[in-house]
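Here, each number is a calculation from the coordinates, and none is a lab measurement. Keep in mind that this is a model prediction, so the values were computed, not measured. Quick reminder, even Gly has a Cβ in these numbers, built from the backbone with ideal geometry, and neighbours come from all protein chains shown.
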Amino acid sequence: MGLDWYNAIAARHGGYLRTWDSEFDGPDGEAAFTDWLRRTIRSHPRVLDVGCGDGLYTLVMSSLAEYITGVDYAENMIRLAERHRREAAVANADFICTGGRVEVYPFPDRGFDLIYSRRGPTSHLTDARRMLRPGGLVAGIHSGERERVLERLTVNGYEILTNDEYAGTEHLKTELDLARWLSRTPGAPDFTTPEMADELERAAGTYGHSDKGITVPHWRFIWVARWNG
Ligand SMILES: C[S@@+](CC[C@H](N)C(=O)[O-])C[C@H]1O[C@@H](n2cnc3c(N)ncnc32)[C@H](O)[C@@H]1O
């Protein structure tokens with residue numbers, strides 16, 4: 001996904017609004033990552049969230065951090081994140097537009113205890129070594145690119161601590177929920193309109209069905225590594 005795509009998603013949805021109803025079965029990687037982060041921030045209180053998007057997740061984590069900074073290369077996302085921060089009156093967080101081809105991030109040496117990326121980039125792993133205190137952690141959750149992440153961690157000299165897969169299933173309750181889910185990305189047609197009824201029918205046929213609804217497979221990869229300095 002490129003920069004234009006992420007700017008468009010911020011403009012179209014006002015961030016990552018979840019408009020569909022669903023239930024989850026099996027190992028839930030997103031929940032496992034959030035639990036781990038909640039536990040870890042307590043002992044790693046200066047935090048950087050790379051690819052923070054609309055900032056809502058960063059702001060949730062701010063309640064546990066001493067200070068948390070979110071970065072994203074999409075200006076629209078940072079504008080939204082900053083608006084969310086003001087609305088929630090959070091004082092120990094800030095949002096900065098940076099990333100992309102940046103080789104040296106605008107942060108001091110050894111300024112962070114923990115740098116994470118939730119479905120964001122991993123290109124920061126080279127400079128993260130400089131920004132982390134010795135013994136600091138990098139972590140992430142992704143829906144692909146496992147080999148690339150592991151290679152980046154190894155090439156940059158991190159000690160890999162966690163490399164776990166989670167395979168679960170989301171059950172979208174109704175066809176309307178499927179329509180909303182299919183329409184979530186900018187550029188995708190609005191599947192909730194009557195003109196898209198046939199397309200929706202066809203799409204529904206490509207997914208599995210259970211007594212809980214229309215099933216969508218989810219695969220997540222959680223990784224954690226230490227920079228020993
Ligand atoms: C799938 S979204 C996840 C957003 C947020 N972490 C969350 O969990 O809601 C990925 C985000 O990473 C940002 N991003 C992608 N590549 C980036 C890069 N190289 N540098 C900075 N931000 C990047 C995108 O703009 C987008 O907001």
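Annotations
- Net charge dipole, the chain: roughly 980 debye, given to the nearest 20, about the Cα centre with Cβ charges of +1 for Lys and Arg and -1 for Asp and Glu.
- Computed helical MRE - 222 nm, the chain, DSSP H runs ≥ 4 contributing -39500 (n - 2.57), nearest 500: -10000 deg cm²/dmol
- Rounded to whole Hz, the Karplus (6.51, -1.76, 1.60) HN-Hα couplings of the range 173-182, x for glycine and proline: 4, 9, 5, 5, 5, 4, 4, 5, 5, 5
- Computed from Cα positions, the angle between helix 146-155 and the longest principal axis of the chain comes to roughly 10 degrees.
- Since only Tyr105, Gly70, Leu37 are under comparison, the one whose Cα sits farthest along the positive direction of the charge dipole of the chain, derived from C-beta charges on Lys, Arg, Asp and Glu, is Tyr105.
- Between the range 97-131 and the range 141-160, the alpha-carbon centres lie 14 Å apart.
- Share, in percent, of DSSP beta bridges within the chain that are antiparallel, nearest 5: 60 percent
- Order of Met77, Met196 - criterion: other Cβ atoms within 10 Å of each residue's Cβ, fewest first: Met196, Met77
- If you take the Cα centroid of the range 183-229 and the Cα centroid of the range 44-84, the two points sit 25 Å apart.
- With neighbours defined as other Cβ atoms within 10 Å of a residue's Cβ, the residues Leu132, Leu56, Leu161 order from fewest to most as Leu161, Leu56, Leu132.
- Rounded, prolate or oblate (a/c below 1.5 giving rounded, otherwise prolate when a/b exceeds b/c) for the chain by Cα gyration tensor: prolate
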